[in-house]
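This report concerns only the one structure given below.
Computed from the coordinates by the stated procedures, all read-outs in this text should not be read as laboratory data. These numbers were taken from a predicted model, which means no experiment stands behind them. In this analysis, Cβ positions are derived from the backbone assuming ideal geometry, glycine residues included, and neighbour counts consider all displayed protein chains.
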Amino acid sequence: MLKQRLLVILFCVFFSGTTCFAARQSSAPADPTSDTEAISSLLKKQVSDWNRGDVRAFMDGYWHSKYTEFVGGSGIFQGWEAVLQRYLHSYPNRAAMGHLTFSGLEIHLLCPDSAYVVGEYRLDRQKDTLRGVFTLIFKKFPEGWRIVNDHTTAFQNAK
């Protein structure tokens, strides 16, 4: 199963690069500053939505598709609805949601319609603080940039 998933990811990365190369050759140049700002704005909105306790608004940053994925310590969740249910189960109330911050964000544009972001998250709650790192893969759709894959890893013994 893991080998198959790895092969699918490598296949997607290879053909995504081919598509990106073709897009660079045939379309007008993208505005990297505008795209970077759009992705940054989406992440800021997600933090704001989270800190208001609005998981559904937070999920607006994800591609609403059966192909959206979340990968983390609790497993692989495929499909927008499965990712939503994972968040609702893991963070059932405001106390569990705590206060979210992102730091160390690096936005990397791969081509006019693909990007990835790496960064750190911190979730301050009354009983504890969770910290970790993430890689988000973004795709640009007519409605804007959306997360298509979220790989989040919690630090062990976060304080």
In region 75-102, the residues that are more than 16 Å from the chain's Cα centre (by Cα) and in a loop (DSSP other than H, G, I, E, B): Tyr91, Pro92, Asn93, Gly98
Cross-chain or 6+ apart pairs with Cβ under 7 Å, region 52-66 first and among the β-branched types (Val, Ile, Thr), then assigned to a loop (DSSP other than H, G, I, E, B): Val55/Tyr91
Residue list for region 77-99, filter: in contact (Cβ under 8 Å) with a residue 40 or more places away in the chain, more than 15 Å from Ile147 (Cβ to Cβ) and of a type in the set (A, V, I, L, M): Met97
Sole exception among (1) in contact with an Asp or Glu (Cβ under 6 Å, 6 or more places away or on another chain); (2) within 26 Å of Ser34 (Cβ to Cβ); (3) part of a strand (DSSP E or B) for Phe70, by number: (2)
Qualifying residue in region 113-131 (condition: under 15 Å from the mean Cα position of the chain (by Cα), of a type in the set (Val, Ile, Thr) and over 21 Å from Thr33 (Cβ atoms)): no
Region 127-154: number of residues that are outside any strand (DSSP E or B) and closer than 22 Å to Ser90 by Cα: 2
Residues of region 106-136 that turn out to be farther than 19 Å from Ala57 by Cα, touching a strand residue (DSSP E or B) at 6+ places or on another chain (Cβ under 6 Å), among the hydrophobic types (A, V, I, L, M, F, W, C) and buried (at least 16 other Cβ atoms within 10 Å of the Cβ), as a count: 5
